[in-house]
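Right, one structure below, let's go through it.
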Amino acid sequence: MRDFEYIKMQKLHCRKSIRLKNYDYSSNGYYFVTICVQNREKLFGEIVGATLCGRPNNPDKIITKWLLELENKFNDIKIDEYIIMPNHIHFIIKRTGDHTGSMGDHTGSPLLRDIIGWFKTMTTNEYIAGVKSGKFIPFKGRLWQRNYYEHIIRNYDDYINISEYIQNNPLKWEYDKLFVSEGKYGSKKKERG
């Protein structure tokens, strides 16, 4: 049994990083970020037509609140585009390099992972409070997946393509790789034919 546990721990600690080696994630520029709900549960609502129709008590509103609060916590960033989907969020962060007067006790420009970590913590804490008060749908384990997707936007064409992807994401929801249909036991991945 010990060998199995050792192998399991090795695999856990040897996860392949999707980050660029030797890239300074505190540097100025634009970053496209996607964060998914754990197990792709549709906790934030449903897409009807091209609009997110939030769940009762609007859990999607707390996601928006804390996303926009990032600009106050880390004043060297701006949230440029974003969309909240039933089980994930896409957004573009603009790093400006102006980190004077940021709230909190960090100095210098924080790494992208620190910004995402703060966002996940704040949204999770408020969502848990909503679950405890009976306002939000419970979740198992974590609210968010452990990792997140990020893409460094390298030029204007890349920026335009990603902005259009974000804006059109609700229109193409059923074809999205993160789409899940409602199954007998909750959310499940869409079968592709």
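The values are calculated or read from the model by the stated rules, or taken from the named source; none is laboratory data. A quick note: this is a predicted structure, and the numbers were derived from the prediction, not measured. No Cβ is skipped: glycine too gets one built from the backbone with ideal geometry, and neighbour counts run over all protein chains shown. Quick note on the areas: whole protein, heavy atoms, side chains included, nothing else; ligands and nucleic acids left out. Shrake-Rupley method; radii C 1.70, N 1.55, O 1.52, S 1.80 Å.
Annotations
- Cα→Cβ-extended label distance, 7 Å offset, between residue 82 and residue 124, nm: 1.8
- Averaged over its residues, the stretch 27-85 has an accessible area of 41 Å² per residue, based on protein heavy atoms and a 1.4 Å probe.
- Remark: spin-label model distance residue 177-residue 114 equals 3.0 nm, labels positioned 7 Å along the Cα→Cβ axis.
- Remark: the stretch 164-174, residue by residue, has Karplus-estimated 3J(HN,Hα) of 5, 4, 4, 5, 8, 4, x, 5, 10, 3, 5 Hz, where x stands for each Gly or Pro and the curve is 6.51 cos²θ - 1.76 cosθ + 1.60 at θ = phi - 60°.
- Over 30 Å (Cα to Cα) - which of 73/177; 61/94; 65/177; 120/177 fall in this group: 73/177
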